[in-house]
Every structure is written in structure tokens, then in C-alpha cells.
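Note sheet for the following structure.
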Amino acid sequence: MIFVGTLLLWFACFFSYLSSNKQRLIDYSLPKHIVWIGFVVSVALAISTFTSYYGLIVAMLIALLLIMAMWMILVVISSHANRRSMLVFSLGVGLFSSIILLGGINHVA
């Protein structure tokens, strides 16, 4: 479930980045009000999946940590990959999935 929550957070961060006027991955920015509603819903779902292993406060802190890391990675990667949104998306999925699967944030039973 932590894997699903991490992917939800990556989708939320990626699409919120695409709603910015300053992004250079796609030709037009996505509608902000729709994207930010989706962001809030995705973060809430991710926190609820994290609470199946951790307490509520810890789940919220993990989500905050991942969101901050994902936005930083998005800015760094996208500055070097103009007009390659699929590359940036797949790099983020691969990076954060491998961190979670290799035990970066893993639950030991």
C-alpha cells in the first residue's frame, strides 16, 4: 500500500507542476483549479494508504517529505528535459518506486 500511496503523490506532484505557467514540458499549462482539487484528493488518499502501516502524524510527515522531494526532483529534471514530459514522468516513477521498494520507507512486520 505504501507503493500505491507514493505513486499517488507522484501523480499529484507531476500534474501540479504541469499546471504552472513556468513549466516547459508541455505547450500549455493544465487548468489549475482541476489539478489542485486532484492534488488534494490524491494527497488525502496517499495519507490514508500510509495510515495502514503508520500512525496519522507519521503518515502526514512522510507525505510532506515525499511531496517536497518530488517537487525538487521535478524542477531539476524538467530543467534538463525540455518538451519531454513522458521522460520526466517515467524517471520520477522509477526513482520513487525504487526508493520505496528498496526500503527507503518500508514497513517491517
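The values are calculated or read from the model by the stated rules, or taken from the named source; none is laboratory data. Quantities reported herein were computed from a predicted structural model and do not represent experimental measurements. Methodologically, a virtual Cβ is constructed for each residue, glycine included, from the backbone with ideal geometry; neighbour enumeration extends over all protein chains shown. Just so you know, the surface numbers come from the protein's heavy atoms only, side chains and all, with ligands and any DNA or RNA stripped out. Shrake-Rupley method; radii C 1.70, N 1.55, O 1.52, S 1.80 Å.
Give me the angle, in degrees from 0 to 90, between the Cα long axis of helix 56-80 and the longest principal axis of the Cα atoms of the chain, rounded to the nearest 10. Long axis of 56-80 versus the principal axis of the chain: about 30 degrees. For the stretch 5-47 versus the stretch 51-87, the spacing of their alpha-carbon centroids is 11 Å.
Entry note, the chain: the mean residue ellipticity at 222 nm calculated from DSSP H runs of n ≥ 4, each adding -39500 (n - 2.57), is -24500 deg cm²/dmol after division by the residues and rounding to the nearest 500.
Using a probe of 1.4 Å on the protein chains alone, the accessible area found for ILE2 is around 10 Å². Contact order for the chain, expressed relative to its length and based on alpha carbon pairs under 8 Å spaced 6+ residues apart, stands at 36 percent.
Candidate values (1) 46, 29, 16; (2) 54, 40, 19; (3) 56, 20, 19 were compared with Cα extents along the principal axes in Å computed on the shown model; the agreeing label is (1). Close amide-amide hydrogen proximity is noted between LEU25 and ARG83, each under 5 Å apart and 5 or more residues distant or on a separate chain (H modeled in the peptide plane; Pro and chain starts excluded).
Computed FRET efficiency, Cβ-Cβ of SER52 and VAL93, R0 30 Å: what is it to the nearest 0.05? Walk me through the intermediate numbers first.
Values: r = 21 Å, r/R0 = 0.71.
That pair, SER52 with VAL93, gives E of 0.90.
Once the Cβ-Cβ distance between SER79 and ILE34 is put in as r, and R0 is 22 Å, what FRET efficiency do you end up with, to the nearest 0.05? Taking R0 as 22 Å, the efficiency between SER79 and ILE34 is 0.30.
Summarising the amide proton neighbourhood of THR51: residues at separation of 5 or more, or on other chains, whose placed amide H is nearer than 5 Å comprise an empty set. When a 1.4 Å probe is rolled over the protein heavy atoms, the share of accessible surface on the stretch 1-106 that falls to carbon and sulfur comes to 74 percent.
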